[in-house]
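Here the structure comes first, spelled out in structure tokens, and everything after it is commentary.
The values are calculated or read from the model by the stated rules, or taken from the named source; none is laboratory data. This one's a predicted model, so the numbers in the text were calculated from it and none came from an experiment. Here the Cβ positions follow ideal geometry from the backbone for every residue, glycine too, while neighbour counts run over all protein chains shown. Calculation scope for accessible area: heavy atoms of the full protein, side chains included, ligands and nucleic acids excluded. Shrake-Rupley method; radii C 1.70, N 1.55, O 1.52, S 1.80 Å.
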Amino acid sequence: MTATTASADARAPRLLVVRNDKLGDFMLAWPALAALKKAKPAPHVSVLVPDYTAPMARLCPWIDDVIIDPGEQAPKDAQRALLATMRKGGFTAMLTLYSTTRIGWLGLRAGIPLRMAPATKWAQLFYNRRVTQRRSRSAKPEYIYNLELAEAMIRALGLSSEQPPTPPHWPLAPQERNAQRSALGQALGLDETRPWVFLHPGSGGSAVNLTPEAYAGLAQGIDRRLVESGEHPPHWILTAGPGEEAVAEALVKTLDEAGLSAYRQPACAGLADFAQSLAAADAFIAGSTGPLHVAGCLNLITVGFYPSHRSATPLRWQTCNDADRRLAFHPPTDAGHQDMSAIDLEDAASATAARLRKINRARSTA
């Protein structure tokens, strides 16, 4: 190590970033984590996450260490152990992307000098740097709110920053994606010339969603449009979270009976394996769920279905892939904000088929 490098390392702050809620929320923090890690001198970035999202945190290229939050309901000894870990971390600063009173109090008791969070609720009393965002208005995507907090932390620490990070926010090496495609293709006997579309009909219990019947109609509409225009229809790979397997299997049967090329995704060994397997896809279709945001971080084509409620709109929970790689649909303003049956699936099928035509044409000229 050179003297210059050693000096830079000595000046690098130790940063604790907190996003201790659901998978989708955590994936939408990856652009902010990328911005922090790319600052100069690059901080040592630890994250505080629940056990559920820890496998994804360990895959994230912008994270150095993972600390498990046992949760608000954990026994007192687990809470004391977390506080001890935070004290031993020697953190220069703590950035809480979604503030809670408990985490603010822990940061204060841990003696972290700089503690930053959105200026909301009673929790802000425990932070000495607050950023006004008014997230309840849902005027911006969640990942932009997170990115703004990261930029505020970079300024507060006196670091220099580059241009804002661009997709993919999970930059897998080409050989990793090729390995995932090869494994899936061999397991299911897939044709490489056809688009591979992953369809995730479950909701994870966190969002309203299309019915399995609506997803079946959407898939048939996409297939029909591609066949009518002389294009390759996709292979449909049905995915599922824990407890959602029966829905996926029933939908495979429905699509197969309708003449579509449909398969159940091979079993995955946990969340990390599932997330990496998505790299095999050309497109990912789902409701506003965690897997949709994993696909967004991979910069896949995403087709998302959202309610119209202000706190859950396509704008607020926009995927963080390139703008030309995301499609989003929601009920019209004159329908109930959770009436997913009011979504125009013909429009969704046409727009999705148009994206898949681009894949077909790119492959035909490769």
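Taking the Cα centre of the range 179-312 as origin and charging only Cβ (+1 Lys, Arg; -1 Asp, Glu), how large is the dipole, in debye to the nearest 20? Working shown, then result.
On the way: 7 positive and 13 negative charges, 64 e Å.
The dipole magnitude comes to about 300 debye.
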Long-range HN-HN contacts of Met94 with modeled amide H, under 5 Å: Leu16, Leu114, Arg115, Met116
Distant-in-sequence amide H partners of Thr302 (H built 1.01 Å from N, under 5 Å): Phe284, Arg326, Leu327
Placed amide H near Asp65: partners under 5 Å, 5+ positions off or other chain: Val45, Ser46, Val47
Whole-angstrom gap from the range 145-191 to the range 39-77, using each part's C-alpha centre: 17
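Net charge near Arg58: determine it from the other residues with C-beta under 13 Å of the C-beta of Arg58, scoring Lys and Arg +1 and Asp and Glu -1. Write down the numbers at each step before the final one.
Working: positive: none; negative: Asp51, Asp64, Asp65, Asp273.
Its environment carries a net charge of -4.
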Equivalent ellipsoid dimensions for the range 135-237 as semi-axes, Å, which come from the Cα gyration tensor, largest first: 37, 22, 13
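Determine the gain in length on full extension of the stretch Thr193-Arg155; use 0.36 nm per residue of separation and subtract their C-alpha separation, reporting nm with one decimal. Write down the numbers at each step before the final one.
On the way: separation 38, 0.36 × 38 = 13.68 nm, distance 4.78 nm.
Result for the pair: 8.9 nm of gain on full extension.
Contact order normalised by length for the range 249-313, with contacts defined as Cα pairs under 8 Å and 6 or more residues apart; what percent is it? Spell out each step's value before the answer.
Numbers: 50 pairs, mean separation 13.9, N = 65.
Averaging sequence separation for qualifying contacts and normalising by length gives 21 percent for the range 249-313.
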Gain on full stretching of the segment that runs from Ala173 to Ala342 - 0.36 nm per residue minus C-alpha separation: 56.8 nm
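Remind me, relative contact order of the chain in percent, using alpha carbon pairs under 8 angstrom and six or more residues apart?
On the way: 689 pairs, mean separation 61.0, N = 366.
In percent, rounded to a whole number, it is 17.
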Amide N proximity, the range 323-359 versus Arg310 label position 7 Å along Cα-to-Cβ, cut-off under 15 Å: 337
Alpha-carbon centroids, the range 240-298 and the range 332-366: separation in whole Å: 18
For the range 88-158, projected area of the alpha-carbon convex hull averaged over all directions, nm²: 4.7
Among Asn321, Asn146, Ala279 the positive-end extreme of the charge dipole of the chain (Cβ point charges): Asn146
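Kindly give the semi-axes, whole Å and largest first, of the ellipsoid equivalent to the range 21-78, taking each as the square root of 5 times a Cα gyration tensor eigenvalue. Present the calculation step by step, with values, prior to reporting the outcome.
Values: eigenvalues 106, 33, 15 Å².
Result for the range 21-78: semi-axes of 23, 13, 9 Å.
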Given charges at Cβ of Lys, Arg, Asp, Glu: the chain dipole, positive-most of Cys268, Phe126, Gly243: Phe126
Rg ratio (alpha-carbon, reference 2.2 N^0.38 Å) - the chain: 1.05
Debye, to nearest 20: dipole size of the chain, +1 on Lys, Arg Cβ, -1 on Asp, Glu Cβ: 1820
Share of alpha-carbon pairs per 10 Å distance bin for the range 105-195, given as whole %: 12, 28, 23, 16, 16, 6
Cβ-placed point charges (K, R +1; D, E -1), dipole of the range 84-196 about Cα centre in debye, nearest 20: 800
Beta bridges by DSSP in the chain, antiparallel share as percent, to the nearest 5: 0
Long-range lysine pairs (8 or more apart or interchain), the chain, Cα under 30 Å: 20
Dipole of the range 152-282, positive end: most advanced residue of Asn209, Phe198, Pro171 [Cβ charges, Cα centre]: Pro171
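Ratio to report: Rg/Rh of the range 1-138, with Cα atoms as the point set and Rh obtained by the Kirkwood method; give two decimals. Display every interim value, and only then the final one.
On the way: Rg = 15.0 Å, Rh = 15.5 Å.
Computed over Cα atoms, the ratio is 0.97.
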Probe 1.4 Å, accessible area per residue of the range 1-149, Å²: 46
